[in-house]
Structures are given as structure tokens and as C-alpha cells.
Amino acid sequence: MKKLYNNCIVAFSMYSKIPMPMADWNKENMKYALCFFPWIGLVIGALEFGCWKLAMLLGFGTIFRSALMVLIPIIVTGGIHMDGLLDTADALSSWRERERRLEILKDSHAGAFAVIIGLAYMTACIAGASEVTAETVPVLCFAFAIARALSALSVTNFPNANPKGTAATFGNNSYKKRVNTVMVVYLILFCGAAIVLNPIYGIVMTATAFIVWGYYYRMAMKYFGGITGDLAGFYTSVSELSMVLTVVIASRIVEVIA
């Protein structure tokens, strides 16, 4: 149990800003760390649900409520996935050779395209959050865990473009077969729960997550020769937003048809 506890601490220490006790970052404590990565998504989902309920109870306006919901994942994670999104935006927009793109991913400076994509992303997030309803919010709370489960699967199974990077470190030190099994179980549970809550929205959200995951693999292999920690962050961010947008659009279509 202590080993699993330490693996949990490593996962939360790396992928969130939630205060954690100290634990050694050794191979033993990273073997199952990715198994706890989706738990951070569950924490975010619970906070999103609570925030939406409280904001509605107190009568906050749409913009204020939406801004709070968009800020929750950034506050919980410290923006680690957002950083990957912005770095990837700069690298993809450079249209340079593969080696140069990988160098741009490592560059700590933000380019013009990172700023543009960042502003567009936040605008889309607020727009999506403003359309969340009592029917869609329980389903969407699982989006953050689903995105992280698929991201963990990419870390353990996709080729890596940076053997010395964070994604490679977690992937190489993981007990891959067991991590993969746990992620599949998570996906069945999370996607299944979303579908039970609302079959239409749950199926739309699940399909979106896997479509974006397929795009992520294709993009990473074509332009970078594999994944990196930044690309995994890119996927997590894009997947979350895509699931929110497709579900809220589906909800409007259902309302119109009804």
C-alpha cells in the first residue's frame, strides 16, 4: 500500500498543484504513477460540478460563472497542460523541419502563435462553459478524467520523440501492461458512467475523445516522430475543450429537434 501511496503522490506532485507529502522520484514510485493521473481529472470534474452548482445557487452571471469554470483546471494543474498546448502551437506554426520543431518545444519563450492560440483557446473555453446546463454538467465532469486516461495510454504506448523528456521518463518507468489495463478499466467506467447519465451526450463525448486521440497520434508521428510531454499536454487541453464544445452543441441540437 505504501508503494501505491507514493506512486499517487508522484502523480499528483507532477501533474497538479495540490499540496502533497514528500516522496522519492525513483523507478519504484513511478511504476504505477500514471494509474493516478486520471484521479486528478476526477478532482477537477468534482470541483467543476461544485462550482457550477454554487454559482447557480448564488445567482452569478454567465460570464463570471464561465470564467470560474475555465480557471479551475488551470489552478489545479498549475497550467502544465496549457504550457504544452502553447509550446505545440509554436512548433506546429513554425513549419520547420522535425528537429527544429522539437527544439521549439523545449524553448521557454512564448512565440506569437502561442499567444494567439492561447487567447483563442481561452475564448473557446469560456464560450463552451457559458452553454453548460444542468443536463450536460454531470456528463462533462468525466471529460477531464477521460482525457487523462487516454493521455496516459499515449505515454505508455506511442513512440517517444524525446527519450530524455518527462513523458519518456514516466513511460519507461511504468509497469506498462498493468497501467494499460487500469486505463482501459477507467475508460470503461468513465465513459460508461457518462453514457448512463445521458446516452446522447455520453456517446458524443466519448466519440470526440477518441477522435481527438487519433488525430493526436497522427499529428505527433507526422510532425514530431513521436510524442513528448508537451504534446501530451496539447492533447489533454484540446481533448477537454473538444468534448465540452461537442456536448454543448449536441445539447442545442437536441433542444431544437425537441
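Before moving on, here are some points about what is shown:
- Accessible surface of the chain, 1.4 Å probe, proportion on carbon and sulfur as whole %: 69 percent
- An oblate overall shape is assigned to segment 172-231, the ratio a/c of its alpha-carbon gyration tensor axes (a ≥ b ≥ c) being 1.5 or greater and a/b not exceeding b/c.
- Distance histogram for segment 119-237 (every C-alpha pair counted, 10 angstrom bins, percent rounded to whole numbers): 13, 39, 33, 14, 1
- Simple spin-label estimate for Val254 and Ala112 in nanometres, 7 Å along Cα-Cβ: 4.3 nm
- Virtual spin-label span in nm between Ile211 and Lys176, 7 Å along Cα→Cβ: 3.0 nm
- Probe 1.4 Å, protein heavy atoms only - accessible area per residue of segment 203-258 in square angstrom: 42 Å²
- Mean Cβ neighbour count within 10 Å, used as a protection proxy, ranking 9-15, 64-70 highest first: 9-15, 64-70
- Residue-normalised accessible area of segment 12-130, given per residue in Å² at a 1.4 Å probe: 53 Å²
- Ordering of 193-200, 229-236, 41-48 by burial proxy (mean other Cβ atoms within 10 Å per residue, highest first): 229-236, 41-48, 193-200
- Close Lys-Lys pairs in the chain, where close means Cα under 24 Å and separation is 8 or more or interchain: 26
- Shape category assigned to segment 48-180 from the gyration tensor of Cα positions, a/c cut at 1.5: oblate
The values are calculated or read from the model by the stated rules, or taken from the named source; none is laboratory data. This is a predicted model, so every value here is computed, not measured. Cβ atoms come from the backbone with ideal geometry, glycine included; neighbour counts cover every protein chain shown. These area figures cover heavy atoms from the full protein model, side chains too; ligands, DNA and RNA do not enter into them. Shrake-Rupley method; radii C 1.70, N 1.55, O 1.52, S 1.80 Å.
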